[in-house]
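What follows is a set of notes on a single structure, which appears directly below.
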There are 4 protein chains.
Amino acid sequence: MKTMKAWVLGNPGELALVDKPVPSLGPAEVLVRIDATAICATDLEVIAHGPPAVVGGEPPFNRNFTPGHEYMGTIVEVGPTVDEFAIGDRVAVEIHAGCGRCERCRQGMYTSCLNYGRNYGEFNKGHRANGFTTDGGFAQYAVNHVNTLVRVPETLTDEVATLIVTAGTTMYGYDVLGGLIAGESVVVTGAGPIGLSAVAVGKALGASPMILTDIVDSRLETGTRVGADIVINAGREPVVPAVERLTGGRGADLVFECSGAPNAVNEAIHMVKRGGRVCLGAFSNTPSLVDIGDVVTNNIFLYGIRGEGRSAVKRGASLMAQGRLDLSPLHTHTFGFDELPTAIRYFKDKVDGAIKVVIKPQEFRD
Amino acid sequence: MKTMKAWVLGNPGELALVDKPVPSLGPAEVLVRIDATAICATDLEVIAHGPPAVVGGEPPFNRNFTPGHEYMGTIVEVGPTVDEFAIGDRVAVEIHAGCGRCERCRQGMYTSCLNYGRNYGEFNKGHRANGFTTDGGFAQYAVNHVNTLVRVPETLTDEVATLIVTAGTTMYGYDVLGGLIAGESVVVTGAGPIGLSAVAVGKALGASPMILTDIVDSRLETGTRVGADIVINAGREPVVPAVERLTGGRGADLVFECSGAPNAVNEAIHMVKRGGRVCLGAFSNTPSLVDIGDVVTNNIFLYGIRGEGRSAVKRGASLMAQGRLDLSPLHTHTFGFDELPTAIRYFKDKVDGAIKVVIKPQEFRD
Amino acid sequence: MKTMKAWVLGNPGELALVDKPVPSLGPAEVLVRIDATAICATDLEVIAHGPPAVVGGEPPFNRNFTPGHEYMGTIVEVGPTVDEFAIGDRVAVEIHAGCGRCERCRQGMYTSCLNYGRNYGEFNKGHRANGFTTDGGFAQYAVNHVNTLVRVPETLTDEVATLIVTAGTTMYGYDVLGGLIAGESVVVTGAGPIGLSAVAVGKALGASPMILTDIVDSRLETGTRVGADIVINAGREPVVPAVERLTGGRGADLVFECSGAPNAVNEAIHMVKRGGRVCLGAFSNTPSLVDIGDVVTNNIFLYGIRGEGRSAVKRGASLMAQGRLDLSPLHTHTFGFDELPTAIRYFKDKVDGAIKVVIKPQEFRD
Amino acid sequence: MKTMKAWVLGNPGELALVDKPVPSLGPAEVLVRIDATAICATDLEVIAHGPPAVVGGEPPFNRNFTPGHEYMGTIVEVGPTVDEFAIGDRVAVEIHAGCGRCERCRQGMYTSCLNYGRNYGEFNKGHRANGFTTDGGFAQYAVNHVNTLVRVPETLTDEVATLIVTAGTTMYGYDVLGGLIAGESVVVTGAGPIGLSAVAVGKALGASPMILTDIVDSRLETGTRVGADIVINAGREPVVPAVERLTGGRGADLVFECSGAPNAVNEAIHMVKRGGRVCLGAFSNTPSLVDIGDVVTNNIFLYGIRGEGRSAVKRGASLMAQGRLDLSPLHTHTFGFDELPTAIRYFKDKVDGAIKVVIKPQEFRD
């Protein structure tokens, strides 16, 4: 049996680098040699608390579980019945392979699979969410269902290619917001990786003006580099009246909330135009006070999004391949595979202006 | 100049019965002789505080303003260019005639008109919301734009015909929830007139099971009469686990929140299925604590609705005309025109089991 | 190995009753003991020519293939990982189990699976369309993927339960037409089983008026029994001016073409309202002349539908279980299992007013 | 009374340059001084035969009617109640101002207004379609409803700004096709002005690959300049197998038919992927043979589009203002106002490679 290096989760918060068998393949699966993995805020959540919103599964601690879900690599083996991809294909990934048999998967909502996490035991439904409920990308190899793969063009570096899944999440957000963004005014709240991706993707789809809010000037500057027309430092200027002023008193057509700040949803509601729409792509761990009266009397629609559904990753990859979407300013640091703890620290503490921090599973630095 | 009897609003909370000129007509308008007007909770709000969510207009107090918006009657005069309706037509009404020239009206979202209330002065945009910003139905006659009229069949009594607009509101809710309700499980929270209408309309569209929650047994009994398959008294049984139990642990496909209770939105989120949708048709006057994390991780969509857009009133009237929707159990009391204060008291205090209370503007009781 | 009786296809047009092994189950599959199977016009097509629109598969002749796709029965065995259904469940079926891995299945369009018919050989994608590309319902037992099953209430007879899939096809049509049919005027062209189902389902969803056209009076009479408000004998009255007259010169909101007549699409275009929508649920074997200029200048949308997607069968079954949809007038004849050739003749030649003809695979008459 | 120069239509095909009163304004209207007007194929149709698809109006011949609908200019006067625009605003136009009171306008489908052309007499519904049923752009001034105006940035020349309405038509097409075009494969058939605009707009929205077909190499070259990834000369290579080859045998996700060629719809159906969608933006004057069986069995949706609905012109203008959409290669020739007959000849006969030919109503050349 071949082995590989992989990081596994011990007790909450504890990661260890171990040797682990290279996984074997079932029908419709391929083996990806992982060339780069980015760190996402949700990884920190999984490592500390386990996957959010999973009901009925066991916690991932001390079960030899490998987190990490934003990765790309090269196909080195294909499982039975696979002719959709071939050995040597360079690929990025979607996180969710739905079970394919629940009501939600049947209607195309595979990121809301009702069998989420049921990939074990007698009634194994075959759901996979790599890095959440099945082994993920902080390893040298990973199994992926063919449903979760998109081809990556040679023009993108490994590091930038890890951002395809980030693009997919925000592309999915724009899809649920109606899809035709050209000429719509958009406010993105929060300039983390998701928010910056929302700026870049929204701009690639023709949003105008694209307004970005955050409290860190350097992040706002990156926002300008990826396409924000106007930035607002919420620490210096209240954002609701600022947006009102910038939109002739009417509010923005669309708001994409990416901050998870406690008052963010309420502010989103107050800065969106009557009859407008709000996408919720982030959240805090405590309930938020929300002015429901404003939602009702202004006919506002709110869309919570999980993951990157409706083939959004494919769309994001296509824009990047065409040179219409450049997320390279989000990538700030690369580390070797054995430097994951350092990489996590850089990401978490925003050391040296870190935004997206990547490890290279085939490379060792020490 | 002909005159008519009309109730007008003095100081907040004060109504007076006066003589007022019968209004004259502009292009695309008709004069309706009002035969019946129902009282709605929003009327109480308008009388006490002015219309909700109107920005930039003057308050309606001491301006000879007539409230009331759930009415029906007979066309007695048609304005210039009108051939859509004729004198003698029996009609019920939509509340909102959009301005027809703002962005929202242009896209068919006339209940979210951006010129809401701008029907005065040099830049009069022609918006009308009878009983909110233009004179309404607590009078013997009212002006209506042809856009706001639907024909009423002879098979419906005047009293039941006033419920067409109530049907329209919930029909609009089901429209934004996706429209094809057949076979979906639905929870309606709150058994007021809107909630009961949501039960009846949802059932007419094929919802199954239709679950209704409230804290008043008599209202739940009325719910059963209009189509609820299952009723839950929320005062005796927590509704979230009850719905979970009734739906095999998955939650309901759709939740229609009609109670305005402080915790209602949060409960709606927790009782809807992953990937499900919630319509918000009611609200309280204070912000609600909402578990945004649940909304995001379960990909839940929330739809605030204002009024009865997308020709929903026409759809509701059609179902009633076909005998597929019977809201007659909602009508409990009828009063003469001069008894409006008594009628309001019955409605407000639920005297004698009052649900929908109607006055007849052509009838005087004393 | 257990055996069962089954009809198999020899040369085009030749059916033989044979003994065949009872099929075995894979993951996510169940074994259905078939209690009733209806005959559909598409069966005749399959028997004579092979499945329509299948690219790349071998023809079904002389391969021991069993046609038949409108059936119901009782689960007698469940395959690995199945807990969605249990032995003893009474079920009706959808035809299509998509492959679950192509782009269309991934977006919920499983009846348009891009791997249609690829359920054999090295790259078996697992697609099933029972009675088309995998063994169907003219047998005592059939394998079904759990995706394709809906529960059947005890209130429905076996014969009527076979009509659930027919209801599903038209329910899917109404779904693609926009879903909210209440109050819309609808013309159904063609009073075969699909057309009659379109009448009944459309009426159950609130269409008004529901207009049915055909050239056979007895079929139009059945149409009236299942909900048509107005019937037009196209042999006696040209339908386009008739619909124009019945709709105040505007045309119908929606047209559901179920006749497959050569001029039917063109007539549908001319009888639909400007900005209206047409569902195409039938077709002839030769191209039709279509007035594309009318389609473009009147902003008409045309929707071809294959099968019964978007969980339409579940919706239809729910309406039938609720007593809101009664297709029993469509069922006219029942035969024993060994009488299939006679049953087909009755169906094909409309012997004795036959509409839906059913065989009972567990019953032998001779 | 002020007068202006205007071209008016005499007998079919006859245009004359006359003096005409500068029109006066009603509520919600502005007076546009026309700075540039492009010639469209539909203009030739109107001049020769009258407007397509108008029912019930009088023909436009010998009634002092001015055609022309693709124009831009500067607001020189505003009518009563107008504060949406101001004197001096530089604007391009939508063609259709719906009546605002029919069912279609009420649902936002103003290009399918049911009162199309009813802007005269006792029951004047106020519909305007400048250049079709009301005076258009081959004049020095025109009246426009505020609904039909979009601002034009200074970065665009007058000539290029006339192409905003062309962009709007194809933007509307992409809207009805689903809106989120990024990553979809698209075939545009026909490289006239609409087809070339479809290429450029589709590419701006992220289509990939964008395939263009035509029979004229120079047009295909222009297609490449505005964004086509692949061009096919249909005179040299059959397009259906070419598209099949280019899309791995699956067909294109979307087809936008802009040629009006007799066999174009049928070819579109055969080159679109199973479950795909086709937009019909052109047509010939005779019915087309269409393989309806292919439409039904492959679940294909066909969308006829009229005009530039759903605020598509605003979206197109925004992309042009942002520099994300460059239609300048479509503009080939400019003439003075009195040279309209020459301009029409250049356009019609494609003299000197003419694509879009513009006249400047404020300029006289002789």
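Across peptide D:308-318, what mean number of C-beta atoms from other chains lies inside 10 Å of a residue's C-beta?
Whole-number average of other-chain Cβ neighbours for D:308-318 is 4.
Could you tell me which residue in chain A puts its beta carbon nearest the axis mapping A onto D, with the distance rounded to whole Å?
A:Gly179, 2
Would you work out if the stretch A:92-248 is rounded, prolate or oblate? Take a ≥ b ≥ c from the square roots of the eigenvalues of the alpha-carbon gyration tensor; rounded if a/c is under 1.5, else prolate when a/b is larger than b/c, oblate otherwise.
Prolate, because a/c is 1.5 or more and a/b exceeds b/c.
How much accessible area does B:Trp7 have with a 1.4 Å probe, in Å² rounded to the nearest 10?
For B:Trp7, the solvent-accessible surface is approximately 20 Å².
Could you tell me which of rounded, prolate or oblate describes the stretch D:224-366, using a ≥ b ≥ c as the square roots of the eigenvalues of the alpha-carbon gyration tensor, with rounded for a/c under 1.5 and, failing that, prolate when a/b is larger than b/c and oblate otherwise?
Verdict is prolate for the stretch D:224-366.
Using Cα pairs under 8 angstrom and six or more residues apart, how large is the relative contact order of the stretch B:167-304, in percent?
So the answer I get is 22 percent.
Just order C:148-156, A:249-257, A:313-321, D:176-184 by mean Cβ neighbour count inside 10 Å, highest at the front, would you?
The packing order, highest mean first, is A:313-321, A:249-257, D:176-184, C:148-156.
Under 11 Å from the Cβ of C:Ile47, count the other residues' Cβ atoms, weight Lys and Arg +1, Asp and Glu -1, and hand me the total.
With Lys, Arg at +1 and Asp, Glu at -1, the neighbours total -2.
What's the long-distance tail for chain A, i.e. % of Cα pairs beyond 32 Å?
30
Rounded to the nearest 0.05, what FRET efficiency do B:Ile87 and C:Asn285 have when you use their Cβ-Cβ distance and R0 = 41 Å?
Using R0 = 41 Å, I get an efficiency of 0.15.
Compute, for the stretch D:214-287, the length of the dipole vector about the Cα centre, with Cβ point charges of +1 (Lys, Arg) and -1 (Asp, Glu) only. Units Debye, rounded to 20.
220
Between C:Asn11 and D:Leu44, what FRET efficiency follows from the Cβ-Cβ distance if R0 is 60 Å, with the result rounded to 0.05?
With a Förster radius of 60 Å, E is 0.55.
What average number of partner chain Cβ atoms lie no more than 10 Å from the Cβ of the residues making up D:261-268?
Partner-chain Cβ atoms within 10 Å, mean over residues of D:261-268: 1.
If you count, for every residue in C:172-182, the Cβ atoms of partner chains within 10 Å of its Cβ, what is the mean?
What the average comes to for C:172-182 is 5.
Determine the calculated [θ] at 222 nm for chain C from helices alone, applying -39500 (n - 2.57) to every DSSP H run no shorter than 4 residues and normalising by the residue count; nearest 500 deg cm²/dmol.
When only DSSP H runs of four or more count, the value is -7000 deg cm²/dmol.
Let me test this: with uniform point scatterers at the alpha carbons of the stretch C:16-79, what is the Debye-based log₁₀ I(q)/I(0) at q = 0.13, 0.16, 0.22 1/Å?
For the requested q values the scattering log ratios are -0.47, -0.72, -1.16.
Taking every DSSP beta bridge that has both residues in chain B, what percent is antiparallel when rounded to the nearest 5?
55
Taking a probe of 1.4 angstrom, what is the accessible area of D:Cys102 in Å², to the nearest 10?
10
For a test of the definition: using alpha carbon positions, the gyration tensor, and the 1.5 limit on a/c, classify the protein assembly as shown as rounded, prolate or oblate.
Because its axes are fairly even, with a/c under 1.5, the protein assembly as shown counts as rounded.
So what is the orientation-averaged projected area of the stretch D:29-149, using the convex hull of its C-alpha atoms, in nm²?
Taking a quarter of the hull surface, the average projection is 7.5 nm².
If you take every residue apart from A:His270 with its C-beta less than 9 Å away from the C-beta of A:His270, what net charge results, scoring Lys and Arg +1 and Asp and Glu -1?
Local charge sum for A:His270: -4.
Determine the sum of side-chain charges near B:Thr166: Lys and Arg each +1, Asp and Glu each -1, restricted to other residues whose C-beta is under 9 angstrom from that of B:Thr166.
-1
Counting C-alpha atoms alone, how compact is the stretch D:167-304: give Rg to one decimal and Dmax as a whole number, in angstrom.
13.2, 37
Considering the dipole of the stretch B:167-304 built from charges on the beta carbon (Lys and Arg +1, Asp and Glu -1) around the Cα centre, which of B:Leu246, B:Ser208, B:Gly190 is farthest to its positive end?
Checking the options against the dipole of the stretch B:167-304, the answer is B:Ser208.
Sort shortest first the distances from B:Thr3 to its counterpart in every other copy, using label points 7 Å along the Cα-to-beta-carbon line, and give them in nm.
Nearest first, the other copies' label points are 5.6, 9.9, 10.1 nm away.
For D:Asp214, B:Asp43, D:Asp83, write out the residues from largest to smallest accessible area, computed with a 1.4 angstrom probe and no ligands counted.
D:Asp83, D:Asp214, B:Asp43
What ranking of C:Arg274, C:Arg236 comes out by heavy-atom accessible area, probe 1.4 Å, highest first?
Ranking C:Arg274, C:Arg236 by accessible area, largest first, yields C:Arg236, C:Arg274.
Quick one: of the DSSP bridges fully inside the stretch D:72-214, what percent are antiparallel, nearest 5?
Of those bridges, close to 60 percent are antiparallel.
Size of the dipole of the stretch A:85-242 about the Cα centre, Lys and Arg at +1 and Asp and Glu at -1 on the beta carbon, nothing else charged, in debye to 20?
500
Taking a label point 7 Å out from Cα toward Cβ, give me the nm distances from C:Arg345 to the same spot in the other copies, shortest first, one decimal.
For C:Arg345, the other copies' label points sit at 7.6, 8.2, 8.8 nm, shortest first.
Hey, what did the stretch D:65-221 get for relative contact order, percent, Cα under 8 Å, at least 6 apart?
Here the relative contact order equals 21 percent.
Cut-off 10 angstrom, C-alpha nodes, Gaussian network model of chain A. Which of A:Thr134, A:Thr332, A:Thr66 fluctuates the most?
A:Thr332
Once the label point is set 7 Å along the Cα-to-beta-carbon vector, what list of distances in nm do you get between A:Glu244 and its counterparts in the other copies?
In nanometres, ordered from closest: 4.1, 5.5, 6.2.
Angle check, please: helix B:164-176 long axis (alpha carbons) against the longest principal axis of chain B (alpha carbons), in degrees 0 to 90, nearest 10.
50
Please give, to one decimal in nm, the separation of the simple spin-label points placed at A:Asn263 and A:Ser328, each 7 Å out from Cα toward the Cβ.
3.9
Of the beta bridges DSSP finds with both residues in the protein assembly as shown, what % are antiparallel, to the nearest 5?
55
What relative contact order, as a whole-number percentage, does chain A give when Cα pairs under 8 Å and 6 or more residues apart are counted?
Result for chain A is 17 percent.
If you place +1 on the Cβ of every Lys and Arg, -1 on the Cβ of every Asp and Glu, and leave all else neutral, what size is the dipole of the protein assembly as shown about its Cα centre, to the nearest 20 Debye?
I would put it at about 0 debye.
The values are calculated or read from the model by the stated rules, or taken from the named source; none is laboratory data. Remember, it's a predicted structure, so these values are computed and weren't measured experimentally. For neighbour counting, all protein chains shown are included, and Cβ atoms are generated from backbone atoms with ideal geometry for every residue, glycine included. Each accessible area value is taken on the protein alone, full model and side chains, heavy atoms only, with ligands, DNA and RNA left out. Shrake-Rupley method; radii C 1.70, N 1.55, O 1.52, S 1.80 Å.
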